[in-house]
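Worksheet: one structure, shown below.
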Amino acid sequence: MDADLRVRAGGDGEPLLLLLHGLGATGDVWSGWWPELANRWPGRWIAPDLPGHGGSPAPPEYTFDALAEAVRPLVTGGGPTVVVGHSLGGVVALALAARLPVAAVIGLGIKVAWSDEDLERAGAMAQRPVAWFDSADEAAARHLRVSGLAGLLTPDDPAVRAGIHEIGGRWRLALDPCAFGVGAPDMAPLVAGTSAAVTLARGEHDPMNTDDQLRQWGVPVVTLAGLGHNAHVESPRHCLELLADHAW
């Protein structure tokens, strides 16, 4: 699987920064970070498309463990690794940190409280057939809604175009609908299962979580003033402050 993952990468040396996007997005969603990282991050960075997203093929099953195993081969070298994951990517980051030495995990915008209705809705979305569109613009508009990026990126943004595919003159989302069936994270063992320094962060206006929900896991919680669920897209510079203690 590691040879099949589509990745964007830059920098050189150590430490390694691994950036994991949320459900429906692609590694290109971190593109606003790349100019900042060139000036502020001393080592390499890697931003893959998670399996079933963008240019990465669908896995046999969608579980947090399976997604973590898929990105595990990207962590190479003997130096420290910091993993920043948004939403789904934040859970994958925690699962990855239970498998190999990671210096720090920053989980941004993780939805930690799931109702039965939430799970039923996600399960229904996982069962939907692939939707096809007659134009790239229609598919791009759907991608923006599904990924929660509407109003933050334009339909012609490279990060949006990476999230749609053209096949036989018609367009679809690159996202495999089955990814919605990954389920709810079991946060207690995920947080307890790693020796990494874990920080949970959220945008002040993120409807997916609350400060109190994140604080119950006994790790530092950072609230990013004025930002929402996709805080990493809204203000890369603000979110990069989360790395201030980890750029050795």
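The values are calculated or read from the model by the stated rules, or taken from the named source; none is laboratory data. Just so you know, these numbers come straight off a predicted model, no measurement behind them. Counting neighbours? That spans all protein chains shown, and the Cβs are built from the backbone with ideal geometry, glycine included. Keep in mind that these areas ignore ligands, DNA and RNA; they rest on the heavy atoms of the full protein, side chains included. Shrake-Rupley method; radii C 1.70, N 1.55, O 1.52, S 1.80 Å.
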Largest fluctuation, R170, R44, R72 only, Gaussian network model of the chain with Cα springs under 10 angstrom, belongs to R170
Contact order relative to length for the chain, counting C-alpha pairs under 8 Å separated by 6 or more residues, stands in percent at 22 percent
Given (1) 43; (2) 22; (3) 17 as possible values of percent of Cα pairs over 31 Å apart, the one from the coordinates is (3)
So the FRET efficiency between A9 and T63, C-beta based with R0 = 22 Å and rounded to 0.05, is 0.30
DSSP beta bridges in the chain: the antiparallel percent, rounded to 5, is 30 percent
Helix-only [θ] at 222 nm, the chain, -39500 (n - 2.57) per DSSP H run of 4+, per residue, nearest 500, equals -7000 deg cm²/dmol
Rounded to whole angstroms and listed largest first, the alpha-carbon spread of segment 20-139 along its three principal axes comes to 43, 34, 25
Taking N as the residue count of segment 90-150, its alpha carbon Rg divided by 2.2 N^0.38 Å gives 1.55
Carbon plus sulfur, as percent of the 1.4 Å-probe accessible area of the chain, comes to 51 percent
Given a 1.4 Å probe, the accessible area of the chain per residue, as a whole number of Å², is 43 Å²
Scoring segment 54-137 by relative contact order with C-alpha pairs under 8 Å, at least six apart, yields a percentage of 24 percent
For segment 1-98, percent of DSSP beta bridges that are antiparallel (nearest 5) comes out at 35 percent
